[in-house]
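The values are calculated or read from the model by the stated rules, or taken from the named source; none is laboratory data. Computed from a predicted model, the values in this text were never measured in an experiment. Ideal geometry is used to build each Cβ from the backbone, glycine not excepted, and the neighbour counts take in all protein chains shown.
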Amino acid sequence: MVRLCLCIFILLDVMFSEQANNQAITSPVLKRNNRRNYLSFNDKTYFFGTIFKANYFSALQFCRQQGMHLVSITSHDENERIGHFIKDIGAQDKQFWTSGTNFIEEYQFVWMSTGNYLVYTNWDVGQPSLKNSAGVTENCIDVGFHEAGFTWNDADCGLKLYFICEAYENCPQK
């Protein structure tokens, strides 16, 4: 029974992935962008969603529909390259969702796209704060140019921000 369930899960995952890949090819949003908002770095391709803003959950859904995931930033070099690219496309005044969240434990952030705990971090001064000045809970990580440069901030997941999607060029090895 377990083997049958696993096979069904794998089949559904493959079907969903193929459907998402087909949507990525025909997406009017991605076609219209003319690949200007794409970056390849190391083993990942990134899409910088600057056409519309979305809350965390809509950004997560959009990336999956394109066969991608919200970004997980796992190193200083990756963080720096993303920051430089944001400047290159003239988006340094924008904030972008990542896949980082602390939904599971209040003080423990994870990357939703991989399920891994954050090892590398680049929080802005006073972050994570877990609540904003109005007392609203902040569970989702955005990146952008804050007080200390290109840094991270925890924000209300319901805010509408721009977002960064990523896809591995080859399957990641653990």
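Going through (1) surrounded by 12 or more Cβ atoms within 10 Å (Cβ to Cβ); (2) at pLDDT below 95 one by one, Glu105 falls short only on (1). Here Lys94 passes the criteria (1) part of a helix (DSSP H, G or I); (2) basic (Lys, Arg); (3) at pLDDT 95 or above except the one numbered (1). Can you pull out the residues in segment 85-133 that are in contact (Cβ under 8 Å) with a residue 60 or more places away in the chain and not aliphatic (A, V, I, L, M)? Hits for segment 85-133 are Lys94, Gln95, Phe96, Trp97, Thr98.
For segment 23-42, the condition holds for no residue, the condition being that it is assigned to a strand (DSSP E or B), at pLDDT 80 or above, closer than 21 Å to Ala155 by Cα and of a type in the set (A, V, I, L, M, F, W, C). For segment 130-155, the set of residues classified as modelled with pLDDT of 95 or more, part of a loop (DSSP other than H, G, I, E, B) and over 15 Å from the mean Cα position of the chain (by Cα) consists of Glu138 only.
Go through segment 97-117 and give me each residue that's within 28 Å of Ile51 (Cα to Cα) and part of a loop (DSSP other than H, G, I, E, B).
Result: Met112, Ser113, Thr114, Gly115.
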